[in-house]
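Structure first, then comments.
Any read-out appearing in this document is the output of simple, stated calculations on the displayed coordinates, not a laboratory observation. Owing to the predicted nature of the structure, the values given are computational and were not obtained by experimental measurement. Counting neighbours? That spans all protein chains shown, and the Cβs are built from the backbone with ideal geometry, glycine included.
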Amino acid sequence: MLKILDENGNVNPVLEPELRGDELIQMYKFMVFSRVADEKAFSLQREGRMGTYAQLKGQEAAQVGSSYALREMDWIFPSYRDLGAMIVRGLPLEYIYLYWMGNEEGSRIPEDVNVFPLSVPVGSQIPIGVGFSNAIKLDEGNAVTVVYFGDGATSEGDFHEGMNWAGVFKTPTVFFCENNQWAISVPRNKQTASKTISQKASAYGFKGIQVDGNDLLAVYSATKEAVEKAQKGEGPTLVEAYTYRMSDHTTADDSGRYRNESEIKKWVEQDPIKRFKLYLELKGLLDNSLDDKIRKETGQMVDNAVKKAEACPAPKPEDIFKYTYAEMPDHLQEQLDELEDSIG
Ligand SMILES: Cc1ncc(C[n+]2csc(CCOP(=O)(O)OP(=O)(O)O)c2C)c(N)n1
Ligand SMILES: [Mg+2]
């Protein structure tokens with residue numbers, strides 16, 4: 001397992017990536033932003049101001065480290081838990097909030113943001129992302145595609161089909177697995193008999209690497225290398241970020257029914273933000289006053305996104321019938337007429 005930062009923020013100098021101080025602070029800000037935005041979404045759900053929400057708490061380094069390693073032109077195919085990755089790629093937070101508020105406007109991604117709408121059907125984004133990267137290759141483009149998915153998604157046929165295709169056709173794809181140890185209540189050891197998830201890549205003829213997913217620098221380095229390889233036409237890589245889902249699966253779950261407190265406590269001590277903060281302090285880049293300032297500004301930015309999302313008009317019921325068919329079939333037209341009659 002690739003590890004560059006230890007739990008006390010000490011760095012392995014041989015493996016330390018070349019990043020400027022302002023870049024390191026920017027990555028820290030993205031992690032704090034993800035955490036604060038995540039906690040806010042949880043409160044909004046509890047206040048009845050948001051539908052179900054899937055928290056990413058604990059996976060900030062995996063998401064920020066990987067997406068920060070991409071270039072402007074690259075694309076990501078996120079799953080529902082990837083708020084941190086989407087933010088780094090430039091998707092304004094209010095879009096993600098709108099999505100979880102049940103408003104499809106949240107999936108209307110701005111033209112200049114290279115993020116696909118998030119996917120809830122587990123693993124379905126994998127073959128789509130591979131097909132997309134194959135199209136880029138056929139068009140002789142340069143962009144690399146990163147598909148994000150969880151440990152549970154590796155049991156889906158979609159994962160294997162996507163990996164196989166990518167291996168055979170050497171598509172410029174990075175498979176990024178956030179192994180957070182759980183797929184709702186199913187633990188990692190009931191998901192696969194493989195020792196690691198990363199080793200599955202060798203069966204498809206390309207490299208897999210397992211990284212400490214709570215180590216921002218390790219995630220960044222491994223993803224950057226994978227992107228560079230893909231961009232040179234050397235094909236895909238599977239990166240397994242070994243991390244932990246510190247919260248329940250979603251706001252509709254109670255993980256106390258299937259895992260014990262001591263396990264969570266052990267991982268809370270591995271908090272990726274805490275570890276990176278110690279590293280920045282040791283480097284003399286961060287102190288308490290700068291940290292307070294970052295957290296205050298972050299709070300304001302998140303509150304602003306809530307305001308924007310809540311100011312967006314609710315979707316119209318008629319929208320249910322739009323956007324699927326160019327010409328509406330008779331049976332749907334009948335239902336739409338009925339709806340219009342009932343709402344006047
Ligand atoms: C195709 C499909 N089957 C089942 C579900 C229900 N479901 C939602 S999340 C989930 C677990 C996924 O676990 P994992 O891939 O590890 O991602 P994580 O939630 O841990 O981020 C399941 C089974 C679904 N959304 N889609
Ligand atoms: Mg999981």
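Output the peptides 139-145, 17-23 sorted from most to least packed, where packing is the average of other Cβ atoms within 10 Å over each peptide's residues.
The most tightly packed comes first, giving 139-145, 17-23.
Sort 276, 159 by Cβ crowding within 10 Å, fewest neighbours at the top.
Numbers: 276 26, 159 23.
Fewest-to-most ranking of 276, 159: 159, 276.
Say we join alpha carbon atoms closer than 10 Å with springs in a Gaussian network model of the chain; which of 275, 259, 35 then has the biggest fluctuation?
259
Which percentage, to the nearest 5, of the DSSP beta bridges contained in the chain is antiparallel?
Of those bridges, close to 10 percent are antiparallel.
Between residue 321 and residue 190, what length in nm is gained on full extension when 0.36 nm per residue of separation is reduced by their alpha carbon distance? Kindly include the intermediate steps, with their values, before the conclusion.
Details: separation 131, 0.36 × 131 = 47.16 nm, distance 4.03 nm.
Additional length available on full extension: 43.1 nm.
Rounded to a whole number of µm²/s, how large is the Stokes-Einstein D of the chain at 4 °C and 1.567 mPa s, given Rh as the Kirkwood radius over C-alpha pairs?
Details: Rh = 21.0 Å.
D = 62 µm²/s.
For a footprinting-style exposure proxy, rank 100, 165, 267 by other Cβ within 10 Å, fewest first.
267, 165, 100
Which of 289, 194, 255 ends up with the largest GNM mean-square fluctuation for the chain, with Cα atoms connected below 10 Å?
Comparing 289, 194, 255 in the GNM, the peak value goes to 289.
In what sequence, highest mean first, do 118-129, 227-238, 41-52 appear when ranked by Cβ atoms within 10 angstrom?
118-129, 227-238, 41-52
Tell me which of 184, 221, 64 sits at the most positive position along the dipole axis of the chain, charges placed on C-beta atoms (Lys, Arg +1; Asp, Glu -1).
Going by the charge dipole, the pick is 221.
Alpha carbon centre of region 52-68 versus region 73-102: separation in Å?
Distance between centres, Cα-based: 10 Å.
Given C-alpha coordinates of region 47-161, what is the ratio Rg to Rh with the Kirkwood estimate of Rh?
0.96
Working only with C-alpha atoms, what are the Rg and Dmax values of region 163-271, expressed in angstrom?
Using the Cα atoms of region 163-271, the pair Rg, Dmax is 15.7, 47 Å.
Springs between alpha-carbon atoms under 10 Å, Gaussian network over the chain: tell me which of 307, 29, 322 tops the mean-square fluctuations.
Ranking 307, 29, 322 by mean-square fluctuation puts 322 first.
Relative contact order of the chain: what whole-number percent is it, with Cα pairs under 8 angstrom and at least 6 residues apart?
Relative contact order, the chain: 24 percent.
Name the residue farthest towards the positive end of the dipole of the chain from the options 244, 173, 5, assuming +1 on Cβ of Lys and Arg, -1 on Cβ of Asp and Glu, about the Cα centre.
Farthest along the dipole direction, towards plus: 5.
Sorting check: for 310-319, 167-176, which peptide has the highest mean count of neighbouring beta carbons within 10 Å, and how do the rest follow?
With the highest mean Cβ count within 10 Å placed first, the list reads 167-176, 310-319.
For the chain, what are the DSSP H helices with axial Cα length of 24 Å or more and mean Kyte-Doolittle hydropathy of at least -0.5?
Long hydrophobic helices here: 21-46.
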